[in-house]
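Here's the structure, in structure tokens; my notes come after.
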Amino acid sequence: MDLPAEVQISNDQLAVKNQKATLVSINQLGYYELRLGFNNRQHRVLVPIQSTSIIFRDPEPEFPTDLEIER
């Protein structure tokens, strides 16, 4: 995963659902560091991993399903 990454987050504590944000880093203490827009300005926000869901805005690349794997 390349950081920073464009994501959508949901977090009940911030009262946001599917909010566009930029994931800057994942802290070893259990927090996501995000850049989040409030009132037309960008703010640095630390949110707990346990209560935050993240969806990456760039979809995963699709691979052909008819690929044969040699064993």
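The values are calculated or read from the model by the stated rules, or taken from the named source; none is laboratory data. Fair warning: this is a prediction, and the values are worked out from it, not measured in the lab. Glycine also receives a Cβ, built like all others from the backbone with ideal geometry; neighbour counts cover every protein chain displayed. Protein only, heavy atoms only, side chains kept; ligands, DNA and RNA dropped before computing areas. Shrake-Rupley method; radii C 1.70, N 1.55, O 1.52, S 1.80 Å.
Overview of results
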read-out	value
Answer from 57, 41 - the residue that is open to solvent by 100 Å² or more (accessible area, probe 1.4 Å) and either at pLDDT below 95 or not charged (D, E, K, R) (or both)	41
Single unsatisfied condition, residue 62 versus (1) in contact (Cβ under 8 Å) with a residue 12 or more places away in the chain; (2) of a type in the set (Asp, Glu); (3) part of a loop (DSSP other than H, G, I, E, B)	(1)
Residue satisfying condition, being out of contact with any His (no Cβ under 7 Å at 6 or more places or on another chain), open to solvent by 80 Å² or more (accessible area, probe 1.4 Å) and either touching a residue at least 12 places away in the same chain (Cβ under 8 Å) or hydrophobic (A, V, I, L, M, F, W, C) (or both), within set 28, 13	13
Conditions (1) outside any loop (DSSP other than H, G, I, E, B); (2) more than 15 Å from residue 3 (Cα to Cα); number of the one not met by residue 13	(1)
Odd one out for residue 20, checked against (1) in contact (Cβ under 8 Å) with a residue 24 or more places away in the chain; (2) open to solvent by less than 100 Å² (accessible area, probe 1.4 Å); (3) assigned to a strand (DSSP E or B)	(2)
Residues being open to solvent by 100 Å² or more (accessible area, probe 1.4 Å) and not in a strand (DSSP E or B) - total across the stretch 44-54	1
Test: residue in the stretch 17-35 that is more than 9 Å from the chain's Cα centre (by Cα), modelled with pLDDT of 95 or more and aromatic (Phe, Trp, Tyr)	yes
